[in-house]
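Peer 1: To start, I am sharing the structure in question, which I have written as structure tokens.
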Amino acid sequence: MTLTSLIVPAYSQMLGTLSGWLDKAQAQLPAGQAEALLSARLAPDMYPLATQIRFACVQAHEAVYRLQGEAFPASLDVLLNEGREAGERPGSIADAKARIGEAIALLESLSADALDMVEGAPVEHALPNGIILDLTAEQYARDWTLSQFYFHLMIAYAILRAQGVALGKADYVAHMFGHIRPGTMPG
């Protein structure tokens, strides 16, 4: 398995799933209540849903540029700042879905080996607090970007559930339905 074949499908399908959760929220709640979800938090010291969505998208963007050895474009700073400021300016569900769509489009634009650095290639990851992580490309993928991506995704799921959006396990693993062996689905 290569980094591209691991990261691109995982991020693409789960970002599509996240977009679907927002569709469900809009379908289940009156418009004002659905938009208010973007300001909802699991705990007072956690970021709101709008931030969780943007930070999941950030992980996709960062992985693409970092694993290609490219500098981050200015648009990534815009996305990060939107996420950091979402408590005051959460935007709309349409804005969130647009950010998800941009991340998916970036992933879909990649070649089949775009993220496949030389095995063991060094990746330097500087955190906003000044900590610098020295990792290999494989460690970055496994230990940082995938775990961070799924963290923000799961917090978004938990916020939506906590706010009354009817989501279940099937909504989380909808991408797996295409793999069900015929005749094995319970009635």
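The values are calculated or read from the model by the stated rules, or taken from the named source; none is laboratory data. Because the structure is a prediction, the values reported are computed rather than measured. When we count neighbours, we look across all protein chains shown, and the Cβ atoms used for this are built from the backbone with ideal geometry, even at glycine. Ligands, DNA and RNA are stripped out before the accessible areas are found, and what is left, the full protein with its side chains, is counted by its heavy atoms. Shrake-Rupley method; radii C 1.70, N 1.55, O 1.52, S 1.80 Å.
Peer 1: Answer yes or no as to whether residue 50 is touching a Ser or Thr at 6+ places or on another chain (Cβ under 6 Å), open to solvent by less than 40 Å² (accessible area, probe 1.4 Å) and assigned to a helix (DSSP H, G or I). I'd like the intermediate steps shown before the answer.
Peer 2: Values: touching a Ser or Thr at 6+ places or on another chain (Cβ under 6 Å): no; open to solvent by less than 40 Å² (accessible area, probe 1.4 Å): yes; assigned to a helix (DSSP H, G or I): yes.
Considered against the rule, which asks whether it is touching a Ser or Thr at 6+ places or on another chain (Cβ under 6 Å), open to solvent by less than 40 Å² (accessible area, probe 1.4 Å) and assigned to a helix (DSSP H, G or I), residue 50 comes out as no.
Peer 1: Residues 147, 111: which one is polar (S, T, N, Q) and in a loop (DSSP other than H, G, I, E, B)?
Peer 2: Working: 147 fails: in a loop (DSSP other than H, G, I, E, B).
Result: 111 is the single residue among 147, 111 that is polar (S, T, N, Q) and in a loop (DSSP other than H, G, I, E, B).
Peer 1: Yes or no: region 86-94 includes at least one residue that is under 17 Å from residue 155 (Cα atoms) and at pLDDT below 95. If you could, list the steps in order and put the result at the bottom.
Peer 2: Filtering region 86-94 for residues under 17 Å from residue 155 (Cα atoms) gives 86-87, 90, 93.
Cutting the leftovers down to at pLDDT below 95 gives us 86-87.
Looking for residues that are under 17 Å from residue 155 (Cα atoms) and at pLDDT below 95, one finds at least one in region 86-94, hence yes.
Peer 1: Which one of these does residue 27 not meet: (1) over 28 Å from residue 166 (Cβ atoms); (2) among the aliphatic types (A, V, I, L, M); (3) open to solvent by 70 Å² or more (accessible area, probe 1.4 Å)?
Peer 2: Exception for residue 27: condition (1).
Peer 1: Here's something else I'd like to know. Within region 67-84, identify whether any single residue is surrounded by 23 or more Cβ atoms within 10 Å (Cβ to Cβ) and in a helix (DSSP H, G or I), and answer yes or no.
Peer 2: Here is the first cut: in region 67-84, the residues surrounded by 23 or more Cβ atoms within 10 Å (Cβ to Cβ) are none.
No, that holds for no residue.
Peer 1: So for region 141-151 (the condition being in contact with a Phe, Trp or Tyr (Cβ under 6 Å, 6 or more places away or on another chain) and modelled with pLDDT of 95 or more), does at least one residue qualify?
Peer 2: Here is the first cut: in region 141-151, the residues in contact with a Phe, Trp or Tyr (Cβ under 6 Å, 6 or more places away or on another chain) are none.
No, region 141-151 has no match at all.
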